[in-house]
Structures are given as structure tokens and as C-alpha cells.
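Right, one structure below, let's go through it.
Values in this text are rule-based calculations from the coordinates and carry no lab data. Because the structure is predicted, anything quoted here is derived from the model rather than measured. Backbone-built Cβ (ideal geometry, glycine too); neighbour counts: all protein chains shown.
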Amino acid sequence: MSDGTVAIGIVSHSPDVARGAAEMVRQMVGTSVDVGWTGGNADGGLGTDAAQILSVIEQIWTPAGVVMLVDLGGAEMNTEAAIEMLPADRQATVRIANAPIVEGAVTSGTMASTGADLEAVVAAAEEFGG
Amino acid sequence: MSETQQPRAEATVTLTNDVGLHARPAVRLTQTAAKFSSRIELALGNQSEWHDAKSVVKVMRLKAKQGSEVRFRAEGDDADAAIRSIVDLVERHFDG
């Protein structure tokens, strides 16, 4: 808990979905949690882009960690690729939650806002499916 | 034989806000509960099952509607303060 507040990253094929999910966290949870998002490919179409995801992670990264919420297929693969591009000592502090992105973003954001650690924030996202 | 008793507190409230324990109120309740070290649980009206008030997912799953009676109980050093804070939150209609 001494490392600060876990941040939340959102990756969707659609920039509108990613932006909307991030906005829900800001409005429902508050601004104490840093939320980053990205969506769409480099051409502006539906898709995800590992370089953009990496950029988001770098913007919101804190020693407390980052929980990533991702949507379908490529979003997860590109997020994994982005995490592998991080410095080795940061890779374990960025986790992909196995959760639906909107619900997971709000529930993990709520837990993050309480100062909970990375494991607890991931668990809060994944509890939604359980 | 004496057991170490932790301080306990409890309260029953009626949800008078417009929507009951919908998403946003559930977030507020969880955030408030998490400020205290005590174990804090809630139960709906006459149901006997208790749920962790620090889990926003569990709180949302209750789907407590406006007019629902909700019981809270806390156990731990700051149990009293926790229950007072939660009752206050409910009475403020989960505002702020």
C-alpha cells in the first residue's frame, strides 16, 4: 500500500469503447485513480496497436502497478506484447485482468481507489466473472 | 476460558436514495467501508447471508432497491466509527 495507487489501463478495438469505459471510471470512482485508454489501430480503424498500448502504460505506470482491461483477441495479444517491451523490472507490475472491460474497469478502479495493492485490484476485476 | 472480543457495531438502514444500491452508490459504499480496518458486512432485509461490504462486486450483486432495508455489521477496533460513517453515507444518499 505504500507504493501509491494502482493505475487502470483500458484497451479496446474501438476508441469510443475505451474512452467511454475510462470515463465511467472517472465519473463513478473519481479522479484519485489514474486511468489510461487506447483503442483503434494506427489507420484509425477498429483494432489495437502495441506501440499505442505501450505509450498508455508508460503514461500511467506507477510502482504500485497497473491493471489492464482488454477486449477481444488482438487486444490481449498486443497488450502482452506491449508489456514485454517494458523494462524487465516493470513487466511484473503490469497485469492483464481476465474480466470484461467496462465492469472490470469500474470494479478494479473502485478497489484501486481504496489504496489496495495490485493483487487485490486484479482480484476485484476478476471477481466480476466469478 | 475467555475469548478476545473485538468491538462490534451494527445498524439497520432503509435505502431512501432514488436508485438503491446501484453501481454508483455501491462504489461509494465500498470506498467508505475500505477506510476502516474492521471487517464490515451487509445483509439485505430479512436475509441471513452476510456479504463483504468492501467488495464492490458483492455489493452490486445484492441489487438492493430503493426502500430496501439493509443491515450492516462491523467487527474490529474501528467498528463504531465504520458503522457511523456508513449510516451517514446512506442518509446523505451516497452523495460525495
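Using 7 Å Cα-to-Cβ label points, what is the B:SER68/A:ALA42 separation (nm, one decimal)? The answer from the label model is 4.9 nm.
Run lengths n ≥ 4 of DSSP H only: what is the helix-derived mean residue ellipticity at 222 nm for chain A, with -39500 (n - 2.57) per run over all residues, to the nearest 500? When only DSSP H runs of four or more count, the value is -15000 deg cm²/dmol. Multiplying the residue separation of A:SER32 and A:GLU84 by 0.36 nm and subtracting their alpha-carbon distance yields 16.0 nm.
Loop-located GluC sites (Glu not before Pro) in chain B (DSSP state not H, G, I, E or B) with no more than 10 neighbouring Cβ atoms inside 10 Å: B:GLU3, B:GLU49. Here the label points at B:ARG61 and B:ARG92, each 7 Å from Cα along the C-beta direction, are separated by 2.9 nm in the simple model. Rounded to the nearest 10 degrees, the inclination of helix B:23-33 to the longest alpha-carbon principal axis of chain B is 20 degrees.
Set the Förster distance to 22 Å, then compute FRET efficiency between A:ASP16 and A:MET77 from the Cβ-Cβ distance, nearest 0.05. Working from the Cβ atoms, E equals 0.55. How much FRET efficiency would the formula 1/(1 + (r/R0)^6) give for A:ASP117 and B:GLU49, where r is the Cβ-Cβ distance and R0 is 35 Å, rounded to 0.05? Between A:ASP117 and B:GLU49 the formula returns 0.80. Look at the stretch B:47-57: the mean tally of other chain Cβ atoms within 10 Å of its residues' Cβ atoms is 4. Remark: spin-label model distance B:VAL19-A:SER55 equals 3.3 nm, labels positioned 7 Å along the Cα→Cβ axis. Projecting the Cα atoms of A:ILE53, B:THR30, A:VAL67 onto the charge dipole of the protein assembly as shown (Cβ charges, centred on the Cα centre) puts B:THR30 farthest toward the positive pole.
What do you get for the angle between helix B:79-91 and the principal long axis of chain B? Use alpha-carbon atoms, 0 to 90 degrees, nearest ten. Roughly 10 degrees, rounded to the nearest 10.
Of all DSSP-defined beta bridges confined to the protein assembly as shown, some 55% are antiparallel rather than parallel. The alpha carbon centroids of the stretch A:74-104 and the stretch B:19-96 are separated by 32 Å.
Rounded, prolate or oblate: which fits the stretch A:21-96 when a ≥ b ≥ c are the square roots of the eigenvalues of the alpha-carbon gyration tensor, with rounded for a/c under 1.5 and prolate only if a/b beats b/c? Judged from the Cα gyration tensor, the stretch A:21-96 comes out oblate (a/c at least 1.5, b/c at or above a/b).
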